[in-house]
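Worksheet: the structure to be examined is printed underneath.
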Amino acid sequence: MRSTFNNRSYRISFHRIFASNKTSINLKNQNIMKRFTLFILLLIPALLIAQVNLKGKITDNSQPIVWANVVLTSLNGKIITGGITDDNGNFLLKAKSGTYNITISFIGYSNLEKEINLNEDLDLGTLILKANNTLDEVVITHKKKLIEQKPDRLIFNVENSVTAIGGDALDAMRIAPGLSVQNNSISLLGRGESRVMINGRLLQLSTEDLISYLNAISASDIKKIEVITSPPSKYEAAGNGGLINIVLKKGKLNSWKNSTALVNNLNTYNFLTLRNSLLYNKNKLSLSLNVNGTKGNSRNTEDFQVFYPNSTWDIDIESKDRLDNLSAQLLMDYDVSDKTTVGIQYLGNSKRPDLTDKSISKIFNALNTLDSLLVNNGMNDAKINSHLVNLHSITKLDTLGKSISFDLDYFTYDSNQNRNFLTNSFLPNNDFLGINTAANTISDQKIKNYSIKTDVEHPLDFANLSYGIKISTIENSSDIVFLNTITGTPVLDTNISNRFEYKENNQALYVSGTKKLNEKWDIQLGLRYENTKTEGFSVQLNETNINEYSKLFPSFYLSFNKNDDNNFSLSYGKRIERPRFRDLNPFRSVISSNTFSVGNPFLRPSFIDNFDFKYTYKSKFTTNAFLSIRKDGSSIIFTSDIDTSTQIATRENFYEHSNFGITQSALFDNISWLQSQNSITVMGSKTNFTKNIGAKPQNSLMVNVNSSNKIILNETAKLQLDASYNSPFKMGLFSVGETLSVDLGMSKQFLSKKLQVAILVKDIFNRSSLNNFQSTVNGVKQVYAQNDNNRYIRLSASYSFGNKKINNKRRNFGNEEEIRRTN
């Protein structure tokens, strides 16, 4: 029964059902630019509190000093403001005009103190700290938290996680608090699908290709993962699940490092991964090169029941998925001058996601007696190649932080798939009745995306402004050829074969301002304007559909630091979710002999308003209350023809939805050998159907519990135990069963910490997979479950040599939403 649907499996189809929440079209707004201009005019006086800038550079006469403390005090000793130096030894402080004392300090160096008159912007130039000769050696030991709570984001320090060792980026995201990685979907708890960035640059990849790309990034190359619930206006407004920023490591100045890792994942089948990462940073050149290869197979099982009034279909599916994959990532930056850096970044991925599968459909009559069997055997031959190139430059326009950056992105995606399947019909005693379905489907998808954008950072006396513009275009061509082979001779079925051409143009501009009102209050206001025009053309139907809409997306962030122990923040952001290209294709796609799917070219995008309130106590206890309101939501709807036992998957805008809840997290690190991060979330939902779809909305409370515990056995050995639980819950059209995951990992270092070996037992009790995923439409209930290699043992060994000092500066890609929607 995993027959065709563009040569995709059931698990992909049902993932889309679970993760898809698309929505409403907002027609042209004739006053859009007036409103945008008015917002900017209102923004400026709101932030208007005059301050002057103080900057300088700290060195030891041979190289910059990173993380030096810079403190500005009044003449009577009261602390006014302070900061630390960046990777180049630079610092920038803001204060009101006046006379102050500045003190610069760093361990191992004598303090530098100086009185200054700060009446206008002042550049102190290069300041030299003298080494304290009474210290022969300085060893700095810092116990970094595994998880950090910031006012605007949660930070998961991957490099401190034992269970992430030997894994990839997706493995690291699975254990990051607040994130859910299930059925090829990455989502923020209570929000929906999340967007993924690499070092601040959004990835424009489809769901499946994003998963493949993250599988190609070694967790050992990741410094941290930032979960941003309310992204600022600088980023695209698409996606309701916030932003996930993966910060990669980079070699420190005048250093290099090479790491090689071999990983073996053991399950019913096993697959090997070989990774090599080179970091080089000397003088004006910075280079990062990662090559990853995977070979082997993975087992996937699915279970699906359909309860018709007079019959029941019970479908069991098992597949062997080929995981052969080769990927490479290259980043090269060159300092043309002290002010300008140019660079190139390339991501390439070539994979062969072939699979063989077998499904057995048991058909029971009204008396619940087995009536017949359908046995389907399929084989899918697939080749997928993608290339993503980014050219970028950044220029410092002055010494006060003003800069301008340019990005040019090009993405190409080519997918070729050839699937043959045969479905035979049998009596309950296994007597052969005949061939039910036999076909060969050939699909070809080509995608090209171009984008150009510029961003300006513009510090002013009254606020730090940033603004920019982006233009993007995407072309998608999908060709499906369906050959009926039931007679042994391929016959083209023109009712199912089709070609769909899709074009989309998007123009966006934004402005954002941040202001430190005083020592306790910080504010950020932003506004983004996007105009989108789409055109879809079905060759077989000779049908063209054109849509155009514009929308403003405001964002707001306010932070109050009562004292060092208490921090409060409030944020708001408007988001958009556009339909996927496949969902807009009006043609019929065959899923199985009794199920087909039809796209809807009239789908409208959804608009979502997100609110967050967060309170943090002593950086250890955080309370987060959230509310998400979705308008004009869309999803897949299964309608059924009871007489023929046929299901039709359609797509409609049919609901309004609200998620609300509260999360409490706590860090326990009072014991030197234990660090324990725990959280509990209670979430509710309310859904209203705006159309009669033959179903009633479902709503219930959900409880999520996470616990991550790192145990330090000694200097070179660590143990980690992670657990996660989701209660059963109902939301909208669907209900989902409970899940539980318990993971145990251990790592040990040898050869002066150059060699590291690790073992991980993932999902010990094998209870983390999707189960009891139910919906009922027009009296027909469907129940689905899926397990994609959830329980396994991972053995890994990695060896590093070179300079091991790590920093976290790197760029990312700018054409983000368009590629995500290519699937």
Taking segment 465-517 and keeping only residues that are of a type outside the set (Gly, Ala, Ser) and under 30 Å from residue 559 (Cβ atoms), one is left with 465, 467, 469, 470, 509, 510, 511, 514, 515, 516, 517
Residues of segment 490-507 being assigned to a loop (DSSP other than H, G, I, E, B), under 16 Å from residue 582 (Cβ atoms) and of a type in the set (Asp, Glu), which ones? none
Name the residues in segment 720-773 that are of a type outside the set (Asp, Glu), surrounded by 18 or more Cβ atoms within 10 Å (Cβ to Cβ) and not in a strand (DSSP E or B), would you? 733, 768, 769
Subset of segment 678-697, residues part of a strand (DSSP E or B) and in contact (Cβ under 8 Å) with a residue 60 or more places away in the chain, comes to 679, 681, 683
Of all residues in segment 316-342 being small (Gly, Ala, Ser) and buried (at least 20 other Cβ atoms within 10 Å of the Cβ), the one that is farthest from residue 302 (Cα to Cα): 327
Scanning segment 362-398 residue by residue, those in contact (Cβ under 8 Å) with a residue 60 or more places away in the chain, within 30 Å of residue 305 (Cα to Cα) and polar (S, T, N, Q) turn out to be 372, 376, 380
Looking only at segment 436-452, which residues are farther than 21 Å from residue 210 by Cα and in contact with a Ser or Thr (Cβ under 7 Å, 6 or more places away or on another chain)? 436, 437, 438, 439, 440, 441
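Look at residue 501 and say whether it is acidic (Asp, Glu), modelled with pLDDT of 90 or more and exposed (fewer than 14 other Cβ atoms within 10 Å of the Cβ). Before you say what the answer is, go through the steps one by one.
On the way: acidic (Asp, Glu): yes; modelled with pLDDT of 90 or more: yes; exposed (fewer than 14 other Cβ atoms within 10 Å of the Cβ): no.
It is false that residue 501 is acidic (Asp, Glu), modelled with pLDDT of 90 or more and exposed (fewer than 14 other Cβ atoms within 10 Å of the Cβ).
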Conditions (1) under 14 Å from the mean Cα position of the chain (by Cα); (2) of a type outside the set (A, V, I, L, M, F, W, C); (3) at pLDDT below 75: number failed by residue 251: (1)
When the residues of segment 382-397 are narrowed to those that are of a type in the set (A, V, I, L, M) and in a strand (DSSP E or B), which ends up farthest from residue 341 (Cα to Cα)? 382
Filtered residue count, segment 447-489, keeping only those that are aliphatic (A, V, I, L, M), in contact (Cβ under 8 Å) with a residue 40 or more places away in the chain and in a loop (DSSP other than H, G, I, E, B): 2
Select, from 137, 115, 120, the only residue that is among the charged types (D, E, K, R), over 29 Å from residue 557 (Cβ atoms), part of a loop (DSSP other than H, G, I, E, B) and modelled with pLDDT of 75 or more. 120
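When segment 336-361 is examined, which residues are found to be in contact with a Leu (Cβ under 6 Å, 6 or more places away or on another chain), touching a residue at least 40 places away in the same chain (Cβ under 8 Å) and not aliphatic (A, V, I, L, M)? Break it down into steps so the answer makes sense when it comes.
Quick first cut of segment 336-361, residues in contact with a Leu (Cβ under 6 Å, 6 or more places away or on another chain) only: 344-347, 350, 361.
If we keep only those that are touching a residue at least 40 places away in the same chain (Cβ under 8 Å) as well, we get 344-347, 361.
Listed by number, the residues that qualify are 345, 346, 361.
Residues 423, 494: which one is closer than 30 Å to residue 594 by Cα, surrounded by fewer than 16 Cβ atoms within 10 Å (Cβ to Cβ) and of a type in the set (Ser, Thr, Tyr)? Step through it out loud before you land on a result.
Details: 423 fails: surrounded by fewer than 16 Cβ atoms within 10 Å (Cβ to Cβ).
After applying the criteria, what remains is 494.
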Kindly establish whether residue 515 is crowded, with 20+ Cβ neighbours inside 10 Å and more than 25 Å from the chain's Cα centre (by Cα). yes
Filtering segment 99-110 for residues that are hydrophobic (A, V, I, L, M, F, W, C), part of a strand (DSSP E or B) and at pLDDT below 85 leaves a count of 0
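Determine which member of the set 596, 621, 602 is buried (at least 16 other Cβ atoms within 10 Å of the Cβ) and assigned by TED's automatic domain parsing to the domain that holds residue 509. Give the derivation first.
Values: 621 fails: buried (at least 16 other Cβ atoms within 10 Å of the Cβ); 602 fails: buried (at least 16 other Cβ atoms within 10 Å of the Cβ).
596 is the lone residue from the list that is buried (at least 16 other Cβ atoms within 10 Å of the Cβ) and assigned by TED's automatic domain parsing to the domain that holds residue 509.
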Got at least one residue in segment 706-713 being over 30 Å from residue 633 (Cα atoms) and free of Cβ contacts under 8 Å to residues at least 12 places away in the same chain? no
Checking residue 654 against (1) in contact (Cβ under 8 Å) with a residue 40 or more places away in the chain; (2) closer than 28 Å to residue 699 by Cβ; (3) in a strand (DSSP E or B), which single condition isn't satisfied? (1)
Scan segment 539-573 for residues that are in contact with a Pro (Cβ under 6 Å, 6 or more places away or on another chain), closer than 24 Å to residue 606 by Cα and surrounded by 17 or more Cβ atoms within 10 Å (Cβ to Cβ) and jot them down. 555
Check segment 286-306 and report whether any residue there is in contact with a His (Cβ under 9 Å, 6 or more places away or on another chain), touching a residue at least 12 places away in the same chain (Cβ under 8 Å) and either surrounded by fewer than 21 Cβ atoms within 10 Å (Cβ to Cβ) or among the aromatic types (Phe, Trp, Tyr) (or both). no
Please work out if residue 711 is assigned to a loop (DSSP other than H, G, I, E, B) and in the same structural domain as residue 267 (by TED's automatic domain parsing). no
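When only residues in segment 67-98 that are touching a residue at least 60 places away in the same chain (Cβ under 8 Å) and assigned to a loop (DSSP other than H, G, I, E, B) count, which is farthest from residue 282 (Cα to Cα)? Step through it out loud before you land on a result.
Within segment 67-98, the subset touching a residue at least 60 places away in the same chain (Cβ under 8 Å) is 68, 81, 87, 92, 94.
Still in the list and also assigned to a loop (DSSP other than H, G, I, E, B): 68, 87.
Working: 68: 22, 87: 14 Å.
Among them, the one singled out is 68.
Per-residue answers, yes or no, for (1) under 27 Å from residue 227 (Cα atoms); (2) of a type outside the set (Ser, Thr, Tyr):
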position	(1), (2)
257	no, yes
264	no, yes
269	no, no
287	yes, yes
307	no, yes
313	no, yes
Would you check which residues across segment 271-305 are basic (Lys, Arg), in a strand (DSSP E or B) and under 30 Å from residue 392 (Cβ atoms) and list them? 275, 282
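The values are calculated or read from the model by the stated rules, or taken from the named source; none is laboratory data. This one's a predicted model, so the numbers in the text were calculated from it and none came from an experiment. In this analysis, Cβ positions are derived from the backbone assuming ideal geometry, glycine residues included, and neighbour counts consider all displayed protein chains.
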